[in-house]
Amino acid sequence: RVYFGYESGEITYVDLRSAYFREMPYSFTSQSVTDLASVGNFLLAEDRSGVSQTHFVFDVYGVITDRKVWNRRSREHSWNPHNDRVYFLSNGPNDLHFEEIDQSSGLFIDDGESSFHGDYSVDVPITIVNDGSQVLLGTGDLYDANDLTWVSSLGYDFEYSDANSDYFITSSFE
């Protein structure tokens, strides 16, 4: 399935296994959808409701299994199937965050953030590397996927990555 989120809060999908590529209704969030991400057996949707942002978890039928208000706006969410966490960024202060989602119930069961609170720059893309043990950001900084401690830096930033094929495209070298 490919999912689409709209300003109205509507979420639709196209089933790529179907003989007919028709957009089908799926579910709704409270306000404008700002991001969608596949998170294992579920779909994560971010919208502008609440004081800041709200994260919703939906099952395959479009039923909300959990929601988390007072969240942070992120341009990207990246799923790590090795520890059932979705990673995202905030920019006030600059931090790397995670939410852990139980793959049976679709409930948020843990969350956390890096302890640096702006000491390091953060930027997309967010790429899960080294068999899920590390998170690589577009700034070239590498973090431990479990405790979000800074591990190392590539020494350059990059604009696109594909963790499935381990390649990165950069436009600048330091």
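A straight line joining the Cα centroids of the range 72-121 and the range 12-58 runs 18 Å. Overall shape: prolate for the range 68-121, with the ratio a/c of the largest to smallest alpha carbon gyration tensor axis at 1.5 or above and a/b above b/c. How would the chain be classified by its alpha-carbon gyration tensor: rounded, prolate or oblate, with rounded meaning a/c under 1.5 and the a/b versus b/c comparison settling the rest? The shape class here is prolate. Using 12 Å as the cut-off for backbone N distance, which residues of the range 4-39 belong to the label zone defined by a point 7 Å from the Cα of R48 along Cα→Cβ? Those under the cut-off are 7-9, 31-35. At a 1.4 Å probe radius, carbon and sulfur cover how many percent of the accessible area of the chain? Solvent-exposed carbon and sulfur of the chain make up 47 percent of the total. Count Lys and Arg as plus one, Asp and Glu as minus one, and take only other residues whose Cβ is under 11 Å from that of F42; the net charge is then -4. Along the charge dipole of the range 32-86, pointing to its positive end and built from +1/-1 on Cβ of Lys, Arg, Asp and Glu, which listed residue (P81, W70, V57) has its Cα farthest out? Towards the positive end, the residue furthest out is W70. Take the Cβ atoms of D111 and Q31, set R0 to 22 Å, and the FRET efficiency comes out at 0.55. For the range 1-93, the C-alpha radius of gyration divided by 2.2 N^0.38 Å, with N the number of residues, is 1.08. A 1.4 Å probe run over the protein chains yields, for the range 16-144, 49 Å² of accessible area per residue, whole-number rounding.
A simple count of charges around Y26, restricted to other residues whose Cβ falls under 11 Å of its Cβ and scoring Lys, Arg +1 and Asp, Glu -1, yields -3. Working from Cα pairs under 8 Å separated by at least six residues, relative contact order for the range 80-154 is 22 percent. Taking 0.36 nm per residue of separation and subtracting the Cα-Cα distance, full extension of the segment from V2 to V129 would add 43.3 nm.
The values are calculated or read from the model by the stated rules, or taken from the named source; none is laboratory data. As the structure is a computational prediction, the values presented were derived from the model and not from experiment. Counting neighbours? That spans all protein chains shown, and the Cβs are built from the backbone with ideal geometry, glycine included. Heads up: the accessible areas ignore ligands, DNA and RNA and are worked out on the full protein's heavy atoms, side chains in. Shrake-Rupley method; radii C 1.70, N 1.55, O 1.52, S 1.80 Å.
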